[in-house]
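Derivation of every value follows stated rules applied to the coordinates shown; laboratory data play no part. Just so you know, these numbers come straight off a predicted model, no measurement behind them. Please note: Cβ atoms are built from the backbone with ideal geometry, for glycine as well, and neighbour counts cover all protein chains shown.
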Amino acid sequence: MHMQRKAGSPSPARRLAGETVSRRLEANPKVTHANVEAAQIYYHLDFLSPAQCAALIKLIDTNRRPSTLLSQSPDTQFRTSESCDMDRWSPDVRPTDEAIAALLGLDPTHGETMQGQRYAPGQQFRAHHDYFHEGESYYEEVVKAGGQRTWTAMIFLNDVEEGGATWFPQAGIRVAPRPGLLLAWNNMNPDGSPNTATLHEGMPVIEGTKYIVTKWFRERSWLRA
């Protein structure tokens with residue numbers, strides 16, 4: 001029997017992560033605070049160079065596999081992209097991996113493995129939350145492995161001829177792919193409870209192929225000692 005999804009309770013640790021990261025981003029002249037009230041969303045143009053984007057695209061193409069879901073969905077079209085888990089110590093990955101943590105001011109050990117994603121025409125990732133839902137079958141295991149997710153950072157690696165925007169339907173923002181653009185958001189509310197308005201969707205690509213990398217951060221260390 002499927003348990004009803006619960007967003008979760010407030011958390012002082014997650015509240016602090018939201019406050020410190022948002023303060024850091026707002027003090028950075030290269031970062032813009034998106035003009036929405038429902039969630040803390042920021043963006044940084046040209047975070048990666050064209051050469052860095054090209055190297056990451058090559059890695060994704062070489063190592064891609066069908067994307068998976070933590071929670072099973074009866075909808076076979078829910079997530080149809082391909083993914084690539086990136087070796088954080090690789091010389092092609094480590095500079096970007098560590099630059100994201102430095103931008104946010106978060107401990108790099110709290111970051112999960114950076115994931116590359118490839119969306120061919122027609123592929124998508126339907127509306128979902130990045131945070132973990134209490135009551136789901138996976139919840140106890142993720143709590144043991146670093147706990148709840150706090151911040152997400154996503155970088156677009158290329159232009160897409162048509163489609164492929166990242167859409168936050170409840171927050172009211174839609175971001176089109178642009179090479180090197182970093183999008184970061186706090187998955188929590190100001191009190192450290194999960195923010196349901198961070199619901200977002202990788203809209204279907206209509207023409208072209210979309211490449212992104214995504215980095216998720218936990219409230220505690222994710223790396224095993």
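Numerical summary
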{"quantity": "Computed [θ] at 222 nm, deg cm²/dmol, the chain (DSSP H ≥ 4; -39,500 (n - 2.57); rounded to nearest 500)", "calculated": "-6500 deg cm²/dmol"}
{"quantity": "The range 129-156 residues near the modelled residue 32 label - backbone nitrogen below 19 Å, point 7 Å along Cα→Cβ", "calculated": "153-156"}
{"quantity": "Viscosity 0.692 mPa s, 37 °C: Kirkwood-radius Stokes-Einstein D of the chain over Cα pairs, µm²/s", "calculated": "186 µm²/s"}
{"quantity": "Efficiency of FRET from Cβ geometry, residue 62 and residue 224, R₀ 25 Å, rounded to 0.05", "calculated": "0.45"}
{"quantity": "Net length gained if the chain between residue 174 and residue 144 were fully extended (0.36 nm per residue, minus Cα distance)", "calculated": "7.4 nm"}
{"quantity": "At R0 = 30 Å, FRET efficiency that the Cβ-Cβ distance of residue 20 and residue 76 yields, to 0.05", "calculated": "0.15"}
{"quantity": "Nearest-20 debye value, the range 12-218 charge dipole, Cβ charges on Lys, Arg, Asp, Glu", "calculated": "240 debye"}
{"quantity": "Highest to lowest packing among 26-38, 138-150, scored as the average C-beta count within 10 Å", "calculated": "138-150, 26-38"}
